[in-house]
1. Based on this model, can you work out whether ASP213 counts as in contact (Cβ under 8 Å) with a residue 60 or more places away in the chain and buried (at least 17 other Cβ atoms within 10 Å of the Cβ)?
2. Return the pairs, sorted by first residue and then second, in which the second residue is outside any loop (DSSP other than H, G, I, E, B) and surrounded by fewer than 17 Cβ atoms within 10 Å (Cβ to Cβ), the first residue lies in the range 223-249 and is free of Cβ contacts under 8 Å to residues at least 40 places away in the same chain and of a type in the set (Asp, Glu), the beta carbons are less than 8 Å apart, and the residues are 6+ apart or on different chains.
3. Among the residues of the range 186-209 satisfying the criterion of being outside any loop (DSSP other than H, G, I, E, B) and without any contact (Cβ under 8 Å) to a residue 12 or more places away in the chain, which is nearest to THR239 (Cα to Cα)?
4. For the range 166-177, state whether one or more residues are closer than 30 Å to PRO195 by Cα, in contact with a helix residue (DSSP H, G or I) (Cβ under 6 Å, 6 or more places away or on another chain) and at pLDDT 85 or above.
5. Among the residues of the range 171-185 satisfying the criterion of being touching a residue at least 24 places away in the same chain (Cβ under 8 Å) and in a loop (DSSP other than H, G, I, E, B), which is surrounded by the most Cβ atoms within 10 Å (Cβ to Cβ)?
6. Output the residue which, of all residues in the range 52-66 that are within 17 Å of MET99 (Cβ to Cβ) and either assigned to a loop (DSSP other than H, G, I, E, B) or among the basic types (Lys, Arg) (or both), is farthest from the chain's Cα centre (by Cα).
7. Among the residues in the range 4-21, are any surrounded by fewer than 15 Cβ atoms within 10 Å (Cβ to Cβ) and at pLDDT below 90?
8. Please enumerate the residues belonging to the range 145-155 that are in contact with a helix residue (DSSP H, G or I) (Cβ under 9 Å, 6 or more places away or on another chain) and either surrounded by 21 or more Cβ atoms within 10 Å (Cβ to Cβ) or more than 19 Å from ILE23 (Cβ to Cβ) (or both).
Amino acid sequence: MGFTIALGGKGGSGKTTVAGLLIHHMIRKGMKPVLAIDADPNANLNDVLGVMLNGTLSDAREMMKKDVPPGMTKDVFMEMKMEQALVEGDGFDLIAMGMPEGPGCYCAANNLLSQLIDRLIGNYDYLVVDNEAGMEHFSRLTQKDIDLLVLVSDPSRRGLTAACRIAALVRVLPMKVKEILLVVNRLEKEPPSWPAEVVETFGPERIASLPSDPLLADFDMQGKPAVTLPEDAPIVKATARLFEQLIGL
């Protein structure tokens, strides 16, 4: 198993954009191949990376209940569907988990997916997981070792409190997390100090920030992938510095 980075945080904090830009910098530095897993039901990491989805693993799970062709076993069917859902990019592959379980029993499908994901992960040197808000979705995966957990927050007190709560939750989950970093995103101005709860939870050396960048908002409105931002854009330069800090950790 290679190096694993997981991202979490309150919804709307911009963690998916941060995930995509980090993947971009990893590839530029030769840290590849990367497997990107979009574990957010509202899958849009592909938009940040500039690729199209071919389907999600939840689609395959739904189809397994009723669409397995005669003469094909369920495990072969699921493996075929997962290969179809895997999107190949430049230096990375992407797979989206899709929506969580609906009504009915999905035990067999979920067990098969867990086995397939574990086998897939073994083919990559680097894994980046973009989680939904909180950590519940990632904690359900059988792969529970995280080298670096990046919690992304907006500058609001509510967002920072949510990040602190997620950090506390992760520390009691049955998963190994080597390092936790807080990234305060869309910051207009660096504050003179961070709230005491934040400093106590993360430590001053594990708090980073990314600036608000109007060009990123423009790209988003125009449907342009964030990874195509110019290298001199404030958010791109700041993410490059963040990337170097992450490598230092």
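The values are calculated or read from the model by the stated rules, or taken from the named source; none is laboratory data. Just so you know, these numbers come straight off a predicted model, no measurement behind them. Cβ atoms come from the backbone with ideal geometry, glycine included; neighbour counts cover every protein chain shown.
1. Answer is no for this residue.
2. GLU231/LYS237
3. For the range 186-209, the residue satisfying everything is GLU205.
4. Yes, the conditions are met somewhere in the range 166-177.
5. Here the residue is MET175.
6. Checked the range 52-66; the qualifying residue farthest from the chain's Cα centre (by Cα) is LYS66.
7. Yes, the range 4-21 contains at least one residue that is surrounded by fewer than 15 Cβ atoms within 10 Å (Cβ to Cβ) and at pLDDT below 90.
8. Answer for the range 145-155, where residues must be in contact with a helix residue (DSSP H, G or I) (Cβ under 9 Å, 6 or more places away or on another chain) and either surrounded by 21 or more Cβ atoms within 10 Å (Cβ to Cβ) or more than 19 Å from ILE23 (Cβ to Cβ) (or both): ILE146, LEU149, VAL150, LEU151, VAL152, SER153, ASP154.
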